[in-house]
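Asks: Pasting a structure below so you can have a look.
The values are calculated or read from the model by the stated rules, or taken from the named source; none is laboratory data. Everything quoted here is computed from the prediction, not taken from an experiment. Because the Cβ atoms are built from the backbone with ideal geometry, glycine has one as well, and the counts that use them run over all protein chains shown.
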Amino acid sequence: MSDALGLYNYWIAIFLMMVGFYNVIASGNLVKKLIGLSIFQTSVFLLYITMGKVKDGTAPILGDGYDTFSNPLPHVLILTAIVVGIATTAVGLALVIRIQEHFGTIEEDELIAQEDSP
């Protein structure tokens with residue numbers, strides 16, 4: 001049981017994933033859906049960063065006295081993913097603005113009702 005509690009960072013990542021996923025599914029507001037996607041995405045970033053941490057690991061610089069190194073690749077990938085995530089969120093918000101200008105609402109059920117009406 002103590003092993004499961006010692007991995008609290010994974011539990012936090014799983015909790016954030018479920019909060020973001022629930023927000024995407026349960027909310028009808030398009031902005032709230034984008035916020036849920038951002039929370040989900042942040043939880044994935046946290047998961048990858050915590051997996052890249054090595055106990056007592058140092059930067060991968062060769063030298064005397066260093067024998068355990070942390071892998072920098074997960075951190076580099078997450079930096080790239082953060083930039084892509086911000087750009088994707090910006091495009092999503094721009095689309096929400098255009099939808100609101102054209103249909104007058106950003107609620108999913110109202111958009112479906114407008115689409116079904118003649």
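Asks: Quickly run through segment 9-22 and pick out the residues that are buried (at least 16 other Cβ atoms within 10 Å of the Cβ) and modelled with pLDDT of 95 or more. Don't jump to the end; show me each part of the working.
Replies: Of all residues in segment 9-22, those buried (at least 16 other Cβ atoms within 10 Å of the Cβ) come to 13, 16-17, 20.
If the condition is that a residue be buried (at least 16 other Cβ atoms within 10 Å of the Cβ) and modelled with pLDDT of 95 or more, then Leu16, Met17, Gly20 are the ones that fit.
Asks: Can you pull out every residue in segment 53-73 that is of a type in the set (Gly, Ala, Ser) and surrounded by 10 or more Cβ atoms within 10 Å (Cβ to Cβ)? So that I can check it myself, show each step before the final result.
Replies: Taking segment 53-73 first, the residues of a type in the set (Gly, Ala, Ser) are 57, 59, 63, 65, 70.
Hits for segment 53-73 are Gly57, Ser70.
Asks: Can you tell me which residue is nearest to the chain's Cα centre (by Cα) among those in segment 96-109 that are in a helix (DSSP H, G or I) and touching a residue at least 40 places away in the same chain (Cβ under 8 Å)? Please lay out each step first, then the result.
Replies: First, pick out the residues of segment 96-109 that are in a helix (DSSP H, G or I): 96-103, 108-109.
With touching a residue at least 40 places away in the same chain (Cβ under 8 Å) added as a condition, the list becomes 96, 99, 108-109.
Working: Val96: 19, Ile99: 24, Glu108: 22, Asp109: 25 Å.
Filtering segment 96-109 for residues that are in a helix (DSSP H, G or I) and touching a residue at least 40 places away in the same chain (Cβ under 8 Å), the one nearest to the chain's Cα centre (by Cα) comes out as Val96.
Asks: OK, next. State all residues of segment 43-70 that are assigned to a helix (DSSP H, G or I) and either farther than 26 Å from Trp11 by Cα or of a type in the set (Gly, Ala, Ser) (or both); if no residue qualifies, say none.
Replies: Filtering segment 43-70 for residues assigned to a helix (DSSP H, G or I) gives 43-51.
Within segment 43-70, just Ser43 meets the criteria.
Matching residues to (1) aliphatic (A, V, I, L, M); (2) modelled with pLDDT of 90 or more; (3) under 17 Å from the mean Cα position of the chain (by Cα):
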site	(1), (2), (3)
Ala4	yes, no, no
Leu7	yes, no, no
Val24	yes, yes, yes
Val31	yes, yes, yes
Val54	yes, no, no
Thr80	no, yes, yes
Val83	yes, yes, yes
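Asks: Here's something else I'd like to know. Which one is surrounded by the most Cβ atoms within 10 Å (Cβ to Cβ), of the residues in segment 26-52 that are small (Gly, Ala, Ser) and closer than 14 Å to Ile86 by Cα?
Replies: The selected residue is Gly36.
Asks: In segment 46-82, what residues are charged (D, E, K, R) and at positive phi? So that I can check it myself, show each step before the final result.
Replies: Let us first name the residues in segment 46-82 that are charged (D, E, K, R), namely 53, 55-56, 64, 67.
Correct list: Asp56 only.
Asks: Pick from Leu73, Leu62: which is hydrophobic (A, V, I, L, M, F, W, C), out of contact with any helix residue (DSSP H, G or I) (no Cβ under 7 Å at 6 or more places or on another chain) and over 24 Å from Leu7 (Cβ atoms)?
Replies: Details: Leu73 fails: over 24 Å from Leu7 (Cβ atoms).
Residue meeting the stated conditions: Leu62.
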